[in-house]
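Peer 1: Here it is, the structure, as C-alpha cells.
The values are calculated or read from the model by the stated rules, or taken from the named source; none is laboratory data. Bear in mind that the values here come from a model prediction, so they are computed numbers and not experimental data. No Cβ is skipped: glycine too gets one built from the backbone with ideal geometry, and neighbour counts run over all protein chains shown. Accessible surface is based on the protein model in full, side chains and every heavy atom, while ligands, DNA and RNA are left aside. Shrake-Rupley method; radii C 1.70, N 1.55, O 1.52, S 1.80 Å.
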Amino acid sequence: MSAAHSTKDEWLVGEGEYEGHRLLVRRNVGAEPMAGNARYPFKVGIAIPFLAPQKDGMPGKDELQLFGRIEDLVYDFFDAKRRGILCLVIITRGMREFVIYSQIDDITELIDALAGHFPAYDFQHIIEQDEHWDEYMRWAA
C-alpha cells in the first residue's frame, strides 16, 4: 500500500442518542493520519433506510447481515481501489449511513451496482466538498 493511502483497519464504536433516538457510530481511527488530506476533498454520504427496523431504529438480524455485504461493496469500491477512505458508519433513526472521504465526486457506478444487488433498498447519497474533513473531525472530538 502506498504512503499516500495508508490506513490501518482500526475502528472505535460509540453509542449514544440523537434527537431522542438510539445512535451507534463506528469511526475509522486508522484514517486519522489522513484527515484533511487534499487528495480526498469530497465527503460522500450514502444513507440506506432499513426495510424493517426494530423499535429502537436498529436493524434486525437479517438486515444486519445484508448491510455487512453492502458495506463490503462500499469498501471495495473506495478503499480497495484507493478512490477513498471509509471513515464513518452511522446507524440511527432506521437507517445506516456510510461516510467516505473520496478523490472522486461521481459514484453512479457504485450506486447502480448496489441497487442491482439489493433492489429492495433505497440508496440515497450526497457528495460535497469537505477538504478539512469537518464531519470526520466532529465525530473524533
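Peer 1: I want the local charge near Gly20. Using Cβ-Cβ distances under 15 Å, sum +1 for each Lys or Arg and -1 for each Asp or Glu among the other residues.
Peer 2: -1
Peer 1: Normalised by the residues of the chain, what does the relative contact order come to in percent, with Cα pairs under 8 Å and at least six apart?
Peer 2: It rounds to 32 percent for the chain.
Peer 1: Taking the 0 to 90 degree range and rounding to the nearest ten, how far is the long axis of helix 108-117 tilted relative to the main principal axis of the chain, both from C-alpha atoms?
Peer 2: So the helix axis and the longest Cα principal axis differ by about 30 degrees.
Peer 1: What list of whole percents do you get for P(r) of region 74-126, with Cα-Cα distances grouped in 5 Å bins up to the one holding the largest distance?
Peer 2: For region 74-126, the pair-distance distribution reads 4, 18, 27, 28, 18, 4, 0.
Peer 1: Probe radius 1.4 Å, ligands and nucleic acids ignored: give me the carbon and sulfur share of the accessible area of the chain as a rounded percent.
Peer 2: 51 percent
Peer 1: Let me know the Kirkwood hydrodynamic radius for region 18-112, please, with Cα pairs as the basis and the value in Å to one decimal.
Peer 2: The Cα-based Kirkwood calculation yields 14.0 Å.
Peer 1: Just subtract the alpha-carbon distance of Arg69 and Asp112 from 0.36 nm times their residue separation and send over the number in nm, one decimal.
Peer 2: My answer for the length gained is 14.0 nm.
Peer 1: What does the charge dipole of the chain about its Cα centre add up to, to the nearest 20 debye, if the Cβ of each Lys and Arg holds +1 and the Cβ of each Asp and Glu holds -1?
Peer 2: 260 debye
Peer 1: Can you tell me the FRET efficiency between Ala141 and Asn37 if r is taken as the Cβ-Cβ distance and R0 is 25 Å, rounded to the nearest 0.05?
Peer 2: About 0.85, to the nearest 0.05.
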